[in-house]
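Data first, discussion second: the structure below is written as structure tokens.
The values are calculated or read from the model by the stated rules, or taken from the named source; none is laboratory data. Computed from a predicted model, the values in this text were never measured in an experiment. Note that we place each Cβ from the backbone using ideal geometry, even for glycine, and neighbour counts take in every protein chain shown. In case anyone asks, the SASA skips ligands and DNA or RNA and just uses the protein heavy atoms, side chains included. Shrake-Rupley method; radii C 1.70, N 1.55, O 1.52, S 1.80 Å.
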Amino acid sequence: MKMIFDSKALWKERFSAYTTEVMRYLRYMFNDHLLFALVIGLGAGIFYYAGWVKTLEPTFPAIPLMVILLTASIAISPVATLLKKPDIVYLIVQEKAMDAYFSKAKIASFFMQLYVFVIVLGVCMPMYVEVTGLPYSRFFTLFIILALLKAWNIYFGWESMKLEDADTTWMFIRVILNAILIYIALIASPFLSIPITVLVLFASYYWMTKNVAKVTLRWEYLVDKEEARMNRFYRLVNLFTDVPHLRGTVRRRSYLDFLYRPIPYAKRKTFAYLFSRTFVRTNEYMGLYVRLTVIAVILLVFVQGFYLNIIFSLLFLYLTGFQFIPMLKHYDAQIMLRLYPIDDGYRHRSFIHFLRILLLAQALLFSIIGIAQNGTIGGMIILAINLAFVVIFTFLYAPVRMKKMYE
């Protein structure tokens, strides 16, 4: 008896597995400690943003800034196809029957990405209202237009992947068209902007449908795009927990050898050398430290205020320390290390010392910015608070966390 291929059932199975995996990783990411830090950071950000909005003049370029931010949140519209490498062989013969599968993929992608432009629009509205003098009720009109644009971007982006230059020419066309329509929506009345948007989208829909009518899917390209999309998610999760699907790249970086040359050649310093060399050579840890430090410096430079300086300094010191603690287990899978008769106490002490150096470097950098903004006395107070936090974190908090990791 011939079996009938059901692409809807295949999508249901894969989407269920995908959501289960995502939810499992999100539980690791948004744990109590991170939520606590995010609440503090979000509260400080809202407080600063509310004060900043009140200082805006009518000449402030709020609309061009919103066009850039909203265009980015709308134009970046990857379709979650959930395809895998073997599909290139086994599903390519069912391309016609996969229409229902890809339709559900586009619908799911729309709703999964809906929150992005909603958050951007919500954040920009106070600035938009303050500069233009328009009411907050414009939010609903803008939401309708942006939702239409988002749906169009997902459709247009999907269809353009059947054509050549999907990542360059067609992406450029989408960005330009999005920016123009968003600009019209921000400056014109809803009675004008909504009809223009609908007319342009329907015209481009008809044009694209006609051009891809006889074009087949590029399965290898679709699988590569899906793997790249999942790898971006795995790299984000990897900032918080270990991801088996992701393998970090290693680079020699001989120009940084001077960082661990002072480590003495001794049995008790074996892990000090390993942790230092791993940090320097592995993009996973080096990239995490650099990204957190750069983000913190940008916030500290542009966010003026003594107390905000303290809050952001402590927040990023905590995030760095908390996310580096899993590095202690980096060598647990290395069986060769068990051949060396090195007590675990050496490893724990070496890791604490290594973590303390990383946090001290950040604390000093943040304090230098504090001195430049708040004067010598204010900067020294920030330095004292940062150093006190590093002491508490590395002598009290980190050892407890490390102990729980091996219970």
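In the stretch 102-121, what residues are within 16 Å of residue 19 (Cβ to Cβ) and touching a residue at least 24 places away in the same chain (Cβ under 8 Å)? Break it down stepwise before answering.
We begin by selecting, within the stretch 102-121, every residue within 16 Å of residue 19 (Cβ to Cβ); these are 104-105, 107-115.
If the condition is that a residue be within 16 Å of residue 19 (Cβ to Cβ) and touching a residue at least 24 places away in the same chain (Cβ under 8 Å), then 104, 105, 108, 109, 110, 112, 113, 114 are the ones that fit.
Could you tell me whether the stretch 70-93 includes any residue that is polar (S, T, N, Q) and out of contact with any helix residue (DSSP H, G or I) (no Cβ under 7 Å at 6 or more places or on another chain)?
First, pick out the residues of the stretch 70-93 that are polar (S, T, N, Q): 71, 73, 77, 81.
Filter once more, so that each one left must be out of contact with any helix residue (DSSP H, G or I) (no Cβ under 7 Å at 6 or more places or on another chain): none.
The answer is no; no qualifying residue exists.
Among the residues that make up the stretch 104-116, is at least one of them within 28 Å of the chain's Cα centre (by Cα), open to solvent by 40 Å² or more (accessible area, probe 1.4 Å), at pLDDT 90 or above and charged (D, E, K, R)?
yes
Tally up the residues in the stretch 23-74 that are surrounded by fewer than 15 Cβ atoms within 10 Å (Cβ to Cβ), among the aromatic types (Phe, Trp, Tyr) and closer than 22 Å to residue 324 by Cβ, please.
3
Return yes or no: is residue 151 within 21 Å of residue 177 (Cβ to Cβ) and of a type in the set (A, V, I, L, M, F, W, C)?
yes
Would the stretch 280-299 turn up any residue that is within 30 Å of residue 29 (Cα to Cα), modelled with pLDDT of 80 or more and among the charged types (D, E, K, R)?
Yes; the residues of the stretch 280-299 include at least one that is within 30 Å of residue 29 (Cα to Cα), modelled with pLDDT of 80 or more and among the charged types (D, E, K, R).
What are the residue pairs meeting all of these: first residue in the stretch 130-156, first residue within 14 Å of residue 196 (Cα to Cα), second residue open to solvent by 30 Å² or more (accessible area, probe 1.4 Å) and modelled with pLDDT under 90, Cβ atoms under 6 Å, and 6 or more apart or on different chains?
Listed pairs, sorted by first residue: 141/190.
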